[in-house]
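**Q** For reference, the structure I am asking about is given below.
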Amino acid sequence: MNKEKLLKTLESMDMRPGRGLGQNFLQDNNLLEYIVRSSGIKEGDKILETGPGFGVLTELMLEKGADVTAIEYDHRLADYLRKNFGSDNFNLIESDACKVDLDELTASFGDYYAVANLPYAISSVFIARLLEVNNPPKRMVFMLQKEMGQRLAAVPGIKNYGSLSVRTQLLYDVKILRIVPPEVFYPPPKVDSAIVSFELKSELPSPKLIKHLSKLVKHAFEQRRKQMGKVLGKIYGREKIESAFAELNMPLEIRPDKLTVDDFIKLTEALFMQ
């Protein structure tokens, strides 16, 4: 949908894009096709899309023969999608993606991908929720704010590296595929964007380890400038923390942004898995 058609459609609906909803509509068809290619979508694949908007990405995925389940919060856009997408391969859920029961929704999917031009207002919350589902997507390709993409792909030692970086990279190999300028959206956001891919690792930690590690890294990064030994000692007990750190030959004074994902796995195992 080019800008002229988009503006006419918005006018006919008496609608203005909502900043609070993160509504920035992608107009560049080449980028839309790039997202689909990067997703590796083929006929029969199951796709979860969040924030489909006017369905420009949805349409391309349906043309590939995919089965698309889309979650749209804005009732005006949901009405538009119902009127314009009557395919048996399209299922629309009109709801808040941050409140939908994702375990219930994806339980019957089998293998599936999550592909979307994610509304920026919900991207961190929604991705965090996908990390917790019993059946995580085998692949995710999202358009995100550039800063969010950098945060998810960050390595230890840089300021963007945090709790969500660790939790994401525990399950996925994360790669920034492409930086996208504001001009390809209407209205243009005030920041650059990025297309980011997430490939589910072939071997995943146990649900028990994932649960404990997620809580541990949240606690650690809430006070990221403080020594981990002191921060975690107040939560889990000083003696338990000192024993685990000594077992790993890890200094109590270390800050969380110096630890790799593997370091956090080993620390979680030492604390909770023995």
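**Q** Hey, can you tell me all the residues within region 57-81 that are modelled with pLDDT under 95 and either among the basic types (Lys, Arg) or touching a Lys or Arg at 6+ places or on another chain (Cβ under 8 Å) (or both)?
**A** Of everything in region 57-81, just one residue is modelled with pLDDT under 95 and either among the basic types (Lys, Arg) or touching a Lys or Arg at 6+ places or on another chain (Cβ under 8 Å) (or both), namely ARG76.
**Q** Next question, about the same structure. On the given criteria, is LEU152 crowded, with 19+ Cβ neighbours inside 10 Å and either touching a Gly at 6+ places or on another chain (Cβ under 6 Å) or assigned to a helix (DSSP H, G or I) (or both)?
**A** yes
**Q** Within region 30-83, work out how many residues are under 22 Å from the mean Cα position of the chain (by Cα), among the charged types (D, E, K, R) and assigned to a loop (DSSP other than H, G, I, E, B).
**A** Residues meeting the conditions: 3.
**Q** Here's a follow-up. Residue check, ARG178 against (1) at pLDDT 95 or above; (2) of a type outside the set (Ser, Thr, Tyr); (3) part of a helix (DSSP H, G or I), all met but one. Which one?
**A** Of the numbered conditions (1) at pLDDT 95 or above; (2) of a type outside the set (Ser, Thr, Tyr); (3) part of a helix (DSSP H, G or I), the odd one out for ARG178 is (3).
**Q** Quick check on this structure: which one of SER108, SER123 is hydroxyl-bearing (Ser, Thr, Tyr) and more than 17 Å from the chain's Cα centre (by Cα)?
**A** SER108
**Q** Which of (1) outside the structural domain of LEU177 (by TED's automatic domain parsing); (2) surrounded by 14 or more Cβ atoms within 10 Å (Cβ to Cβ); (3) outside any loop (DSSP other than H, G, I, E, B) does LYS234 not meet, given it meets every other one?
**A** (2)
**Q** Turning to a different aspect of this structure: Is there a residue being assigned to a loop (DSSP other than H, G, I, E, B), at pLDDT below 95 and over 23 Å from TYR34 (Cα atoms) anywhere in region 162-170?
**A** Checking region 162-170: not a single residue is assigned to a loop (DSSP other than H, G, I, E, B), at pLDDT below 95 and over 23 Å from TYR34 (Cα atoms).
**Q** On the given criteria, is SER95 surrounded by fewer than 21 Cβ atoms within 10 Å (Cβ to Cβ), at pLDDT below 95 and among the polar types (S, T, N, Q)? Outline the logic, then answer.
**A** Numbers: surrounded by fewer than 21 Cβ atoms within 10 Å (Cβ to Cβ): yes; at pLDDT below 95: no; among the polar types (S, T, N, Q): yes.
No; evaluated as a whole, the condition is false for this residue.
**Q** Which is surrounded by fewer than 17 Cβ atoms within 10 Å (Cβ to Cβ), under 17 Å from the mean Cα position of the chain (by Cα) and under 30 Å from GLN27 (Cβ atoms), of GLU147, GLU132?
**A** Details: GLU132 fails: under 30 Å from GLN27 (Cβ atoms).
Only one candidate passes the filter, namely GLU147.
**Q** What pairs come out if I take residues in region 150-173 that are on the phi > 0 side of the Ramachandran plot and pair them with residues that are basic (Lys, Arg) and modelled with pLDDT of 95 or more whose C-beta lies under 9 Å away, six or more apart or interchain?
**A** GLY157/LYS258
The values are calculated or read from the model by the stated rules, or taken from the named source; none is laboratory data. Predicted, not measured: the structure shown is a model, and the values here were computed from it. Note: ideal-geometry Cβ built from the backbone for every residue, glycine included; neighbour counts use all protein chains shown.
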